[in-house]
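Just so you know, all these numbers are worked out from the coordinates, no wet-lab data involved. These numbers come from a predicted model, not from an experiment. So basically every Cβ, Gly included, is an ideal-geometry build from the backbone, and we count neighbours across all protein chains shown.
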Amino acid sequence: MPIQLYGHPFASFVWKPLIAAYECGVPFEFRMVDADHPEHAPRIAKLSPPGQFPALTDGSVETTQSNAIIEYLDRFGDAPRMIPHEADGAPHARLLAHRSVARVVDEALPYRAFFPLGAPDRD
Ligand SMILES: N[C@@H](CCC(=O)N[C@@H](CS)C(=O)NCC(=O)O)C(=O)O
């Protein structure tokens, strides 16, 4: 079974692992989390008790949190590593990820009234 990524395409935190998956060339199935796909609700509730997405499953591997998912996806494919292995590279990459998300979330806030998702957090 391929990697399954749960989320909604309007959700800025879901863009992060989507970009990572495309960048790494990782095949995956997108599992839409919304009112039109109630069949995914029990799974996302189990994966993420607060009901947040994205979430990823790959066999016995299950995780939430966009940055953790990116780190998991980063091991696949031939693309240059998004999280460098060098001692000072990884913290810098994680810092950039944090700052860029804070920016994206702030930019997206005015548009959130157009779709019924909960408030994002900032990590
Ligand atoms: N720290 C989480 C934030 C995830 C998050 O805030 N997701 C939003 C969508 S962008 C969400 O699930 N909102 C619905 C809710 O909180 O009920 C991550 O990086 O994945």
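Mind checking which helices (runs of 4 or more DSSP H) fall wholly inside the stretch 11-104 and carry at least 1 residues that are touching a Lys or Arg at 6+ places or on another chain (Cβ under 8 Å)? Give the steps one after another, and end with the answer.
On the way: elements: 12-24, 41-47, 66-73.
Ranges flagged: 41-47, 66-73.
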By residue number, the members of the stretch 1-10 that are more than 23 Å from Asp78 (Cβ to Cβ) and outside any loop (DSSP other than H, G, I, E, B) are Tyr6, Gly7
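Listed here are the residues, each with its yes/no results for (1) within 26 Å of Pro84 (Cβ to Cβ); (2) surrounded by 20 or more Cβ atoms within 10 Å (Cβ to Cβ); (3) within 14 Å of the ligand (Cβ to nearest atom); (4) in contact (Cβ under 8 Å) with a residue 60 or more places away in the chain.
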position	(1), (2), (3), (4)
Met1	no, no, no, no
Pro9	no, no, yes, no
Met32	no, no, yes, no
Lys46	no, no, no, no
Gly51	no, no, yes, yes
Val61	yes, no, no, no
